[in-house]
Structure formats: structure tokens, C-alpha cells
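Colleague: Sharing a structure with you now.
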Amino acid sequence: MKHYVRRHGWLPLCRERLKLVRQAQTTKTNRRIRYFTFCAVGAVDVLMLDIARIVIRSDSGRFDNVVFFDKAIEDVEKTLKSIPGAIGYPGDFLNTVLLEDNEEDNVVSDASPLESIVDEEDTSQTRGSQRLKAIHRQFIAHFPYDALNFDLEGFFFKPNDPMPGKMVRAFRKIFEWQKRTGIDGQGKGVSINSFSLMFTTQVGPPNLTEDYLSQLEECLQRNLDSNSNLRTAFSSKVGHEDVERLRGQDFNLFFKLGMPKVLASILKETGWIVDSDKGITIYEFSRPSISGPYQMLHLMMQVKRQAPHLPGAIPTQAEETHARVIQKLFQEEQIVVTDDLIEPQKSDLQTNLDAILARRQKYSAAEY
């Protein structure tokens with residue numbers, strides 16, 4: 001089911017991104033896609049894009065345009081055997097992004113790691129703090145990316161996480177960093193006016209606290225109150241116009257409508273907007289667990305930069321675009337991935353997975 005989502009969701013989205021990057025080029029030299037991911041040790045998504053010639057290695061065969069995070073240094077080292085030359089960072093991703101650093105706005109592409117901090121005692125705690133700051137600044141220096149794949153598979157909201165939650169705060173920073181000018185492999189400046197975004201989350205959790213639930217409810221209600229088209233689309237989707245009633249009767253649907261709306265709103269607040277022609281595509285499938293099945297959502301969207309404007313003065317065009325995106329979200333059904341849907345595709349999916357395994361073994365055996 002997961003590879004069905006990769007092949008039918010992520011692959012076309014990134015293929016379109018490569019096409020858009022090429023169309024925007026002003027030189028004959030093809031710029032390579034800059035890709036961020038949580039690929040895990042197998043690096044299946046990166047190798048799939050490698051086989052499809054979307055993520056393209058350097059002339060020396062290195063994935064130096066790919067950046068990824070993993071929790072442990074050992075996992076990073078294993079992943080680098082599958083995608084040699086990629087840039088991997090160990091540690092807690094959210095804590096790294098959310099580190100308070102007064103100098104992060106001044107980070108440049110050749111950010112220096114582990115500079116000694118004057119007047120701080122040389123202890124393990126100080127060295128750990130320095131390493132975290134170094135990773136934080138080096139990570140910022142890699143922005144912007146053409147495609148961001150947040151395949152975290154956890155919860156977007158967590159009950160004990162103070163409002164608005166670490167994930168929301170991290171996305172705000174990341175989308176701001178997407179407006180940076182970076183440096184490519186040839187030392188040339190790189191800035192972007194659009195990017196592809198993929199995000200994976202579980203529905204829930206079932207014990208989500210009242211402050212999160214009430215704000216999700218308020219977020220949806222505000223949309224319905226401000227736009228009659230959204231109210232009509234919502235009513236057609238759920239059979240009525242009562243958001244509170246939906247929350248009580250069908251939490252899964254309430255979450256599927258509310259959570260993507262929050263993500264789209266963070267983009268809008270940070271100077272971006274979801275492309276309304278494409279909207280937000282959502283794949284959904286169920287996974288078993290000891291405590292019962294749970295739902296996974298995979299969100300995909302193309303994102304564009306808004307026209308320059310003063311803070312708080314979001315252009316009318318962007319507001320209208322955002323409303324169309326939410327209307328489409330209310331109107332369109334998620335793509336539910338089931339065994340019946342996959343059955344005709346099994347041979348193609350297995351063939352591609354076999355090719356990915358062979359490519360991984362080839363890279364692991366090579367000397368770089």
C-alpha cells in the first residue's frame with residue numbers, strides 16, 4: 001500500500017516538479033532537483049526517483065542534492081550506503097528545527113560546524129549543545145528545496161504538546177527558510193518560486209485534547225461563515241453544515257477536513273499558497289495494530305510563492321486561491337488504497353521494488 005502511494009502519488013508529483021524546474025531555467029545547464037526526505041535506511045523514495053531520473057546524481061555519482069534526517073547516527077550511516085554522497089543528519093528533527101538561535105537568519109551556505117563557544121565550559125552538555133546548533137545551522141544552509149517529503153508517519157497534533165504544537169511551529173520556520181537563496185553544486189545562487197510538498201500523518205490521536213479539537217472546529221467553522229461556496233461544499237460532503245456535529249459523529253472525516261486546512265493556512269501565513277488547479281491530493285489506507293487499525297493520510301500538493309506584500313496584507317488573489325483549495329478539499333474524495341485497488345498493480349509494484357533493491361545493492365557495493 002505504501003509503495004502504491006509512492007508510485008501513484010509521490011512519483012508524478014516530483015516528475016511534474018522536475019518539469020517545472022526545467023521550464024524555469026534561464027541557462028542551458030540543467031539544474032538538479034533539491035530533495036529533502038525522511039527516507040529511512042532503505043531510501044526507497046530516493047532510489048525510486050533515481051531510477052525515474054528525477055533525482056539526478058552528480059557527475060561523480062553522488063546524491064549531494066538529497067538531505068535527510070534519522071534519529072540515530074548508525075541509521076544515517078546505513079542510509080548513506082544506499083544513497084552515497086547524500087547529506088544525512090542524526091537527531092530529533094523537530095527539536096533541531098525549533099532550536100532557539102538568534103543567528104539563524106545570518107546562516108550562509110558554507111555554515112561552519114562546531115566552532116568553539118567562548119566562555120563556555122568544555123563539558124559533554126556543552127559539546128552536545130554545540131553539535132545541535134551546528135546541525136541546526138547546516139540544515140538551514142541547504143534550503144531551499146524543490147521537493148519536501150515529510151514522511152514522519154506520526155501524529156500532526158500531540159495531546160501533551162502545548163498549543164499550537166511542535167509540528168505547526170516547525171512548519172512555519174521551514175516554509176520561511178524555503179524563501180532563502182541557496183547555493184547549488186556549481187556555486188550559483190538558487191531561489192525558488194514554487195515547490196512540491198508531501199506530508200504523511202496518522203489520523204488522530206483519539207485522545208486529542210479539547211484545546212486542539214475546539215480550534216480545529218473553529219478553523220473549519222470560520223471558513224463556512226466567511227464563504228458560501230465553502231459552506232455548500234461542506235454540506236454536500238457531510239450532509240449538513242454543523243461542524244460540531246461532524247466532530248461528534250465522524251472524527252475521522254472531521255480530522256481529514258481540518259488538518260489539511262491547517263497545513264494550507266500555515267503556507268498562506270508564510271507567503272506561500274497551494275496551487276488551486278491541483279489542490280491537495282490525499283491518499284488514505286488502514287494499518288493494523290495491537291490496539292486496532294489506524295488510518296494513514298498522505299497529503300500531496302504543489303505550492304507557489306505569493307506576490308510580495310506587507311505582513312498581514314495577504315493579496316486578494318491569494319485569499320481567493322486559498323478558498324478554492326479548501327473548496328476542492330471539501331468536494332473531492334480521498335483516494336482510499338485497498339487490496340482490491342492494488343491487486344491489478346501488484347506485478348508493476350513488485351517489479352519496481354525489485355529494481356530499487358537492485359539499485360541499492362549496486363550502490364552499497366560500489367566505492368565512493
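The values are calculated or read from the model by the stated rules, or taken from the named source; none is laboratory data. Keep in mind that what you see is a predicted model, and the values were worked out from it rather than measured. Reconstructed Cβ throughout: ideal geometry from the backbone, glycine too, with neighbour counts over all protein chains shown.
Colleague: Cβ-Cβ distance below 6 Å, separation of 6 or more or different chains: which pairs start in the stretch 203-230 with a residue that is free of Cβ contacts under 8 Å to residues at least 40 places away in the same chain and end on one that is of a type in the set (D, E, K, R)?
Modeller: Sorted first by the residue in the stretch 203-230, then by its partner, the pairs are LEU224/ARG231.
Colleague: Condition (residue is part of a helix (DSSP H, G or I), of a type in the set (S, T, N, Q) and over 23 Å from ILE174 (Cβ atoms)) applied to the stretch 77-93: is it met by at least one residue?
Modeller: Yes: the stretch 77-93 contains one or more residues that are part of a helix (DSSP H, G or I), of a type in the set (S, T, N, Q) and over 23 Å from ILE174 (Cβ atoms).
Colleague: Go through VAL21, VAL41 for me and flag whichever is assigned to a helix (DSSP H, G or I) and modelled with pLDDT under 95.
Modeller: VAL21
Colleague: While we're looking at this one, here's another question. Here are the criteria: (1) in contact with a helix residue (DSSP H, G or I) (Cβ under 9 Å, 6 or more places away or on another chain); (2) under 20 Å from LYS256 (Cα atoms). Tell me which single one ILE174 does not satisfy.
Modeller: Every condition holds for ILE174 apart from (2).
Colleague: Does MET167 satisfy the condition of being crowded, with 16+ Cβ neighbours inside 10 Å and part of a strand (DSSP E or B)?
Modeller: no
Colleague: Looking at the stretch 123-143, which of its residues are outside any helix (DSSP H, G or I) and either closer than 13 Å to THR96 by Cβ or among the basic types (Lys, Arg) (or both)?
Modeller: Hit for the stretch 123-143 is HIS142, nothing else.
Colleague: Among the residues of the stretch 56-91, how many are in contact (Cβ under 8 Å) with a residue 12 or more places away in the chain and within 21 Å of GLY182 (Cβ to Cβ)?
Modeller: The number of residues fulfilling the criteria is 18.
Colleague: Okay, moving on. Restricting attention to the stretch 69-82, and to residues there that are among the acidic types (Asp, Glu) and closer than 12 Å to CYS39 by Cβ, which single residue is surrounded by the most Cβ atoms within 10 Å (Cβ to Cβ)?
Modeller: Once the filter is applied, the top-ranked residue is ASP70.
Colleague: So which of ASP70, ASP64, ASP50 ends up being touching a Phe, Trp or Tyr at 6+ places or on another chain (Cβ under 9 Å) and under 19 Å from ARG359 (Cβ atoms)?
Modeller: The match here is ASP50.
Colleague: Given the conditions (1) of a type outside the set (Ser, Thr, Tyr); (2) modelled with pLDDT of 95 or more; (3) out of contact with any Ser or Thr (no Cβ under 9 Å at 6 or more places or on another chain); (4) outside any helix (DSSP H, G or I), and given that ARG31 satisfies all but one, which numbered condition is not satisfied?
Modeller: (2)
Colleague: Also: Please find, within the stretch 26-55, the residue that is surrounded by the fewest Cβ atoms within 10 Å (Cβ to Cβ) out of those that are among the hydroxyl-bearing types (Ser, Thr, Tyr) and in contact (Cβ under 8 Å) with a residue 24 or more places away in the chain.
Modeller: Here the residue is THR29.
Colleague: Next question. Out of LEU267, LEU299, LEU257, LEU253, report the one residue that is over 15 Å from the mean Cα position of the chain (by Cα) and in contact (Cβ under 8 Å) with a residue 40 or more places away in the chain.
Modeller: Every option except LEU257 fails the conditions.
Colleague: For the stretch 284-305, check the following and say yes or no: at least one residue is part of a loop (DSSP other than H, G, I, E, B), surrounded by 18 or more Cβ atoms within 10 Å (Cβ to Cβ) and modelled with pLDDT of 95 or more.
Modeller: Checking the stretch 284-305: not a single residue is part of a loop (DSSP other than H, G, I, E, B), surrounded by 18 or more Cβ atoms within 10 Å (Cβ to Cβ) and modelled with pLDDT of 95 or more.
Colleague: Among the residues of the stretch 130-180, what is the count of those that are β-branched (Val, Ile, Thr) and without any contact (Cβ under 8 Å) to a residue 24 or more places away in the chain?
Modeller: Matching residues across the stretch 130-180 total 0.
Colleague: In addition: Closer than 23 Å to LEU49 by Cβ, of a type in the set (Lys, Arg) and not in a helix (DSSP H, G or I) - does that describe any residue in the stretch 186-198?
Modeller: Looking through the stretch 186-198, at least one residue is closer than 23 Å to LEU49 by Cβ, of a type in the set (Lys, Arg) and not in a helix (DSSP H, G or I).
Colleague: Let me ask something else about it. Go through the stretch 310-328 and give me each residue that's surrounded by 13 or more Cβ atoms within 10 Å (Cβ to Cβ), part of a helix (DSSP H, G or I) and not acidic (Asp, Glu).
Modeller: Of everything in the stretch 310-328, those that are surrounded by 13 or more Cβ atoms within 10 Å (Cβ to Cβ), part of a helix (DSSP H, G or I) and not acidic (Asp, Glu) turn out to be ALA318, THR321, HIS322, ALA323, ARG324, VAL325, ILE326, GLN327, LYS328.
Colleague: Turning to a different aspect of this structure: Looking only at the stretch 132-169, count how many residues are over 22 Å from GLY182 (Cα atoms) and of a type outside the set (Gly, Ala, Ser).
Modeller: Residues meeting the conditions: 17.
Colleague: Kindly indicate which of GLY85, GLY128, GLY91, GLY61 is over 17 Å from PHE36 (Cα atoms) and at pLDDT 90 or above.
Modeller: Only one candidate passes the filter, namely GLY61.
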